[in-house]
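Below is one structure, written out as structure tokens, with a few remarks after it.
All of the numbers you see were taken from the coordinates with simple rules; none came from a lab. Everything numeric in this text was worked out from a predicted model, so none of it was measured. Cβ sites come from the backbone with ideal geometry, for glycine too, and all protein chains shown count toward neighbours.
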Amino acid sequence: MHFVTRTRLAACAAAVLLAGCQSASHHAVPGNSGPGTTPHSGGGRSVAAAEADNGHTISVAVGDVVVLALHSTYWQVVPLAPGAALRATGPASVAASRSTGCPPGQGCGTVTASFQAVASGRVVITASRSSCGEALRCTGAAGSYRLSVVIT
């Protein structure tokens, strides 16, 4: 139980550094800052998304940046199609946890990907993983992530 608590605390700390421990489903309307959003240097907002947003739809405005942080190094973010209304701001990054309470092979850490809204439309961000821990194959929905993004 302590391992799970430590892992969650480490994951939350990483998310705070990235964009806050709020899910994107709690963000404010375009043009306003609120929980889960921060002003972005490009003029739009930075909207955080994580596991809690799996299967949900979020709305952002052109110019906003969606920052997806998934809390396992086993996640693979699927590249978006060329010409999509969201554009990856760079390759997904993997940050292993430096926690001493994380046993090897558990995938402790985060995979982070950022996407800038460049046009109006609808885009689905997907990610997958086949391993849910050391020698533990993902079953059911545990190995897939899907976030619908509506850009206005």
- request: For a quick protection proxy, order the peptides 128-138, 56-66 by their average other-Cβ count within 10 Å, most packed first.
  value: 56-66, 128-138
message: Report D for segment 68-152 in µm² per second (integer): Stokes-Einstein, Kirkwood Rh on Cα pairs, 4 °C, 1.567 mPa s.
response: 93
task: Describe numerically, in nm with one decimal, the distance between label points set 7 Å from Cα along Cα→Cβ at Val78 and at Ala96.
output: 2.9
message: Given all pairs of different Cα atoms, what value in angstroms does the Kirkwood hydrodynamic radius of segment 51-113 take?
response: 13.5
